Amino acid sequence: MAKCDQGYNCEICGEPVKNIIESALYLRYVLGEVQLHELFGAPERHLHCDHELSRYIRHEKYTHSTGVELPDPEAESERIERVTRGYERLREVVSQGIPITEYPLK
Ligand SMILES: [Zn+2]
């Protein structure tokens, strides 16, 4: 198998990242922290494995793994709001079939 065909396993747990809704890389892209051209070369991670990012999600559809240290909601409210909006956006682009170039939040 060509090396580029193997690029979608999570660098932390080694399991495949099957859906972009569970991808920390795509959430960072939606947030504008990763550029489009970087998506295909950057290491993939599950949201559940990337606690540094996912701990900021506050969403009824997202259940935190045990042992995740949640941020102080007052001290870090901006980051919580931003990452949670990004997570909502990620769910929206998938369910609505929005083109990849339109994913990032304005
Ligand atoms: Zn993983």
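Can you list the equivalent-ellipsoid semi-axes of region 3-95, largest first and in whole Å, using the square root of 5 times each Cα gyration tensor eigenvalue?
On the way: eigenvalues 100, 44, 28 Å².
For region 3-95, the ellipsoid semi-axes come out as 22, 15, 12 Å.
If one takes the longest principal axis of the Cα atoms in the chain, at what angle in degrees, from 0 to 90 and to the nearest 10, does the Cα axis of helix 77-96 lie? Orientation of helix 77-96: about 40 degrees from the principal axis.
Taking loop as defined by DSSP and a crowding limit of 11 other beta carbons within 10 Å, which chymotrypsin sites (Phe, Trp or Tyr not before Pro) in region 22-65 fit? Walk me through the numbers on the way to the answer.
Working: sites: 26, 29, 40, 56, 62; in loops: 40, 56, 62.
Sparse-neighbourhood loop chymotrypsin sites (Phe, Trp or Tyr not before Pro): 40.
Values in this text are rule-based calculations from the coordinates and carry no lab data. Remember, it's a predicted structure, so these values are computed and weren't measured experimentally. Cβ: placed from backbone, ideal geometry, glycine included. Neighbour counts: every protein chain shown.
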